[in-house]
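The block underneath contains the structure these notes are about, expressed in structure tokens.
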Amino acid sequence: MSRQAENLRAEQGCVRAIVGVLAFALFLPLSLATAADLTVTVTDKDGKPVPDSVVFLMGGPPTEPGPTVKMVQRDQSFNPDVLAISVGTKIEFPNEDPFRHHVYSFSPAKRFELKLYGGDEVQEVTFDQAGEIAMGCNIHDDMLGYIYVVDTNLLGTTNENGAATISGLEDGSSYEAQVWHPRLRGPTRRTAQTVTATQSATIEIGLKRDRRKQSGSDFEEGAY
Ligand SMILES: [Cu+2]
């Protein structure tokens with residue numbers, strides 16, 4: 001083989017390698033780009049973060065039941081104050097107090113009653129309908145907690161900074177974001193805004209006055 005031909009072959013090999021690397025480099029981000037996160041921050045009209053807001057996105061894949069989660073009774077209150085789940089998800093109600101509770105709800109989305117129970121009994125309920133569920137306790141009048149059931153797996157609850165991050169979104173896609181909070185103004189206590197995956201979003205909501213300080217209850221009285 002002539003020197004020229006050898007050089008040509010070496011060059012061709014080199015070009016092939018470069019093309020291969022380029023193709024890999026281009027393909028890799030494309031294949032990773034399908035999953036994106038979105039952080040939604042919920043604020044009140046004064047720009048203050050609102051914790052315990054449920055943020056959920058419509059327009060995702062069909063809803064599947066989520067893993068079983070817990071609504072704990074501790075120190076004579078519900079923990080967490082607000083628990084958001086997807087339709088079909090089961091909730092356990094462990095009682096960590098040294099006395100008994102009798103949890104109930106009259107909410108249309110799920111009426112249920114967990115008759116007097118202590119720490120050694122496992123109580124669980126499956127929530128198969130979307131909507132707002134306010135819970136109380138027959139023994140302790142000031143106990144008030146919320147379960148919010150949504151028909152999507154794209155959901156989160158805001159932390160103390162008012163932020164919720166939702167994962168598994170399609171990069172660049174738009175979704176209708178809904179926010180629910182127990183003190184949000186209006187009959188559905190819900191507001192909507194269009195958001196785009198990968199861009200963070202801020203949603204401002206109008207809140208009713210927090211009566212916790214006056215009443216000692218976690219949220220407004222007479223909500224259920
Ligand atoms: Cu109780």
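The values are calculated or read from the model by the stated rules, or taken from the named source; none is laboratory data. Fair warning: this is a prediction, and the values are worked out from it, not measured in the lab. Glycine also receives a Cβ, built like all others from the backbone with ideal geometry; neighbour counts cover every protein chain displayed.
A few points about this structure:
For every residue, the table says whether it meets (1) part of a loop (DSSP other than H, G, I, E, B); (2) over 29 Å from Ala36 (Cβ atoms).
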position: Leu114; (1), (2): no, yes
position: Ile133; (1), (2): no, yes
position: Asp142; (1), (2): yes, yes
position: Ile147; (1), (2): no, no
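- Residue check, Phe78 outside any loop (DSSP other than H, G, I, E, B), touching a strand residue (DSSP E or B) at 6+ places or on another chain (Cβ under 7 Å) and within 16 Å of the ligand (Cβ to nearest atom): yes
- Within the stretch 89-109, the residues that satisfy the criterion of being assigned to a loop (DSSP other than H, G, I, E, B) and either surrounded by fewer than 20 Cβ atoms within 10 Å (Cβ to Cβ) or outside the structural domain of Thr188 (by TED's automatic domain parsing) (or both) are Pro94, Glu96, Asp97, Pro98, Phe99, Arg100, Phe106, Ser107, Pro108, Ala109.
- Within the stretch 143-176, the set of residues being within 16 Å of the ligand (Cβ to nearest atom) and more than 16 Å from the chain's Cα centre (by Cα) comprises Met143, Leu144, Gly145.
- Failed item, numbered, when Val150 is tested on (1) at pLDDT below 95; (2) buried (at least 22 other Cβ atoms within 10 Å of the Cβ): (1)
- When residues of the stretch 117-142 are limited to those that are within 15 Å of the ligand (Cβ to nearest atom) and loosely packed, with under 13 Cβ neighbours inside 10 Å, the one modelled with the lowest pLDDT: Gly118
- Filter pass, Ala164 being modelled with pLDDT of 95 or more and either exposed (fewer than 13 other Cβ atoms within 10 Å of the Cβ) or in a strand (DSSP E or B) (or both): yes
- Every listed requirement among (1) at pLDDT 95 or above; (2) in contact with an Asp or Glu (Cβ under 8 Å, 6 or more places away or on another chain) is met by Met58 save one, (1).
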